[in-house]
Amino acid sequence: MKKSLLFLFALALSILGTQAAPLRIVTSFLPISAATLSIVGDRAEVSQLTGQGVGPHEFEPKPSDLRKIADADLLIVNGLGLEGWLDDVVHKVGASRLKVIDASAGIAPLENPSEIKLSGTSDTKTADGANPHAWLDPVLAKQQAATILAAVEAADPANAAYYAANAQAYFAKLDQLNADFAAELAKLPSRDLITFHDAFPYFAARYGLNYLGSVEEFPEKAPSPRELGHLVDLINAHHVRIVFAEEGYEPKLLQTIAEQTGAQLAQIDTLEVGPASADGYLERMRSNLAVLQKAWQ
């Protein structure tokens with residue numbers, strides 16, 4: 001009996017010893033994390049680089065982040081130039097086995113939206129360059145998720161069927177999200193859109209909105225009375241009924257704009273900041289839909 005127990009114990013240790021360690025994945029920020037977590041479930045370890053209060057634009061990697069990336073099998077990023085720190089980090093890490101996955105590979109980039117000049121003679125100027133905010137279009141978010149699925153299947157083929165099943169469930173939720181946005185936004189009485197962040201060209205293109213532009217150098221510097229007057233004139237000239245801002249904008253200044261134009265103000269979420277969560281993308285995009293519905297009642 002003792003020999004049998006010893007044999008079974010040794011066999012168990014041998015099996016455990018031969019099991020592969022779980023896939024280790026590092027993601028750049030919330031939308032990428034949400035897709036990754038939804039796909040890998042409990043079969044991989046996922047760690048997000050950015051956190052509460054810090055987005056992918058402002059992220060500055062610490063030594064602990066470099067160690068985390070060096071130990072990872074996959075580093076999954078949005079791409080389209082969003083993670084400006086990426087090349088430097090990969091160079092510093094120098095991990096030969098690390099695979100960097102650009103979730104936006106194959107997505108045709110849109111140019112940055114027109115930038116509203118607060119102090120010029122013309123209403124707008126064109127901001128050159130590719131815009132990185134593809135994830136705010138649920139259809140493109142699904143394409144990013146498909147790219148992530150292919151990457152994790154290749155890295156961990158033993159769990160490919162599990163990942164594929166999870167991905168199909170997530171794809172269905174993204175399809176429903178897109179259908180709900182399309183149905184609800186089709187009811188809106190106006191399609192003119194002004195924002196204080198250049199994040200919405202893909203979203204506007206998907207749902208046929210007239211994206212007039214984003215406000216230049218705001219809120220990095222407070223506009224002068226002349227600049228504020230120019231913005232008010234622009235909003236009035238285009239009969240803009242709603243102006244979208246995010247957290248961090250001066251409430252009194254936004255209220256002044258609302259009072260002088262009659263435009264409603266709404267807080268919209270670019271999903272750039274926040275902790276990793278499998279349901280985070282879907283939940284916060286649906287919150288954006290609720291904001292739009294309320295604003296256009």
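Anything over 24 Å Cα to Cα? Flag those among LYS68/LYS142; LYS68/LYS92; LYS187/LYS294; LYS68/LYS99, in the order listed.
Table pairs above 24 Å Cα-Cα are LYS68/LYS142.
Among LEU289, GLN267, PRO201, pick out the residue whose Cα is farthest towards the positive end of the charge dipole of the range 188-295, where Lys and Arg carry +1 and Asp and Glu carry -1 on C-beta, about the Cα centre.
LEU289
What is the distance in Å between the Cα centres of the range 175-197 and the range 29-58?
If we compute the Cα centre of each part, the gap is 26 Å.
Only the coordinates and a few stated rules stand behind these numbers; no lab work does. Everything quoted here is computed from the prediction, not taken from an experiment. Please note: Cβ atoms are built from the backbone with ideal geometry, for glycine as well, and neighbour counts cover all protein chains shown.
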